[in-house]
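As structure tokens, the structure follows; a few thoughts come after it.
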Amino acid sequence: MTKISLLLGALLAPTLAFATTLELPADARLEVQVIEPLVLDAETPERDDVLLRPVADGSGSHQVPDYCVMVGDARLDGGRIRLTTDSVTCIDAEAGDSHIYSGEISAAAYGSDGDFGIDACQNGRCELSPEHGFELQLASDLVIEEQANPSEQINIERRQANGEGVANPIPADAPDPDAD
């Protein structure tokens, strides 16, 4: 499975343009959570392809909607989990239309103390549960153009077909099998 096949999402934010381009400024902070528990220790000091999702109404400087997923890598470093991201996919589904944005994101996790890395370690074992929120801070501007959405195109064709054509066929006249 590719990283892209694992990602979905949508975006709303005060300074976010969400039309043909998804944009967030450098230093934007997003509150996120891991999707599956993350455990790091001396035997497993790193993990790649960690999936993250936004926290609904999170405390970051910007909000990303429920339908965004980020992929990152986690490493143990000095008693903290150092987590950085490299890709994001979002789906914005407003008014029956959906827009897909997928691209690269450069962001790093910060703990509630504001320091780089998440302080989630005890006795050499570091653990993040899906309930544990933390902030990602973007290292650079995020600018991603809208991607083609085949599902949306099919839905548009169905709405325009008005019962004609392959997109929305109407059964041909046929005898009623129950009629005598």
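The values are calculated or read from the model by the stated rules, or taken from the named source; none is laboratory data. The structure presented is a predicted model; accordingly, all values stated were derived computationally and were not measured. Accessible surface areas use protein heavy atoms only, side chains included; no ligands, DNA or RNA. Shrake-Rupley method; radii C 1.70, N 1.55, O 1.52, S 1.80 Å.
Ordered from highest to lowest accessible area with the whole protein assembly present and a 1.4 Å probe, R47, R158 read as R158, R47.
The candidates D48, D92, arranged from most to least accessible area with a 1.4 Å probe in the full protein assembly, appear as D48, D92. Computed from backbone phi with θ = phi - 60° and the Karplus coefficients 6.51, -1.76 and 1.60, the 3J(HN,Hα) list for the stretch 67-78 is 9, 10, 9, 10, 10, x, 10, 10, 9, 7, 7, x Hz; x is used for glycine and proline.
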